[in-house]
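Novice: Would you mind keeping the following structure in view while I ask a few things?
What follows is calculated from the coordinates using simple rules that are stated; it is not laboratory data. Note that the structure is a prediction, hence the values are computed from the model and not measured. Please note: Cβ atoms are built from the backbone with ideal geometry, for glycine as well, and neighbour counts cover all protein chains shown.
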């Protein structure tokens, strides 16, 4: 979105500069009322769009909750502001996704907005080049050992009885031995191959896996109905956009996150 605003601003800037040149060479345009109005609007518009795109890219961006995977923390249609600089500034158009001047690292419990990883997209979405954002909670960082037993989440062997996690499906899918070794299990999860495995083999009994360096693990608070890192693998740092800051709409649900 911010890139589109920036490009539109650049196009309008070119138009404004063209009109400015025309104004210098054709003196009669100086007294033309409509020409002055159009130029004034274009000059204001390109400045506003480029400033807005920079704010959205580097600092704060609005985001709409698209699904129920974060219930009851968020519900569908909630609007939040995302702090985009707290995890560091990303260089525009860079491919490595490296961030600079980070105020903090992603921690367990952070609600994070990120670009949907390639593995989580459907085949048709990949072919069309569609990009979309997700919002989930970070439940583990690099080096953590994650295991789920009968819906109970364990991080580094410690049961995390998170008050924000909800379970709306009373059924528990039992564990299946999908791979011949733990190494194969880890490699398949890290490479996003779990996406092709039926959900019932993964949702309620998962791992153990080790979150690799440069990655974190994301899960929705609505644990039974969340499409998250259990299925498409660990999230690379380069996909992270920012941390949820506060919920601003609807007004009756306004709060700092």
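Novice: Could you give the nm distance between label points at residue 38 and residue 86, where each point is 7 Å from its Cα heading toward the beta carbon?
Specialist: Taking the simple label geometry, residue 38 and residue 86 are separated by 4.6 nm.
Novice: Now a separate question. What is the pair-distance distribution P(r) of segment 186-257, computed from all Cα-Cα distances in 10 Å bins starting at 0, with each bin given as a whole percent?
Specialist: Distribution as computed: 17, 42, 25, 15, 2 percent.
Novice: Please order 164, 215 by the number of other Cβ within 10 Å, starting at the fewest.
Specialist: Ordered from fewest to most neighbouring Cβ atoms within 10 Å, 164, 215 come out as 164, 215.
Novice: So, one more: Once the Cβ-Cβ distance between residue 181 and residue 159 is put in as r, and R0 is 22 Å, what FRET efficiency do you end up with, to the nearest 0.05?
Specialist: Efficiency computed from Cβ-Cβ geometry: 0.30.
Novice: Once you have a ≥ b ≥ c as the square roots of the Cα gyration tensor eigenvalues for segment 146-189, tell me rounded if a/c is under 1.5, and otherwise prolate or oblate according to whether a/b is larger than b/c.
Specialist: Cα axes put segment 146-189 in the oblate bin.
Novice: Given a Förster distance of 51 Å, report the FRET efficiency between residue 142 and residue 47 from their Cβ-Cβ distance, rounded to the nearest 0.05.
Specialist: Step by step, r from the Cβ atoms, then E = 0.80.
Novice: Moving on. To make sure I understand, if each residue's beta carbon is the centre and we count other beta carbons within 10 Å, what order do 118, 239 fall in, fewest to most?
Specialist: 118, 239
Novice: Work out the FRET efficiency for residue 255 and residue 8 from their Cβ-Cβ distance, taking R0 = 51 Å, and round it to the nearest 0.05.
Specialist: 0.95
Novice: In addition: Test of understanding: ordering 123, 45, 178 by Cβ neighbours within 10 Å, fewest first, what list do you get?
Specialist: 123, 178, 45
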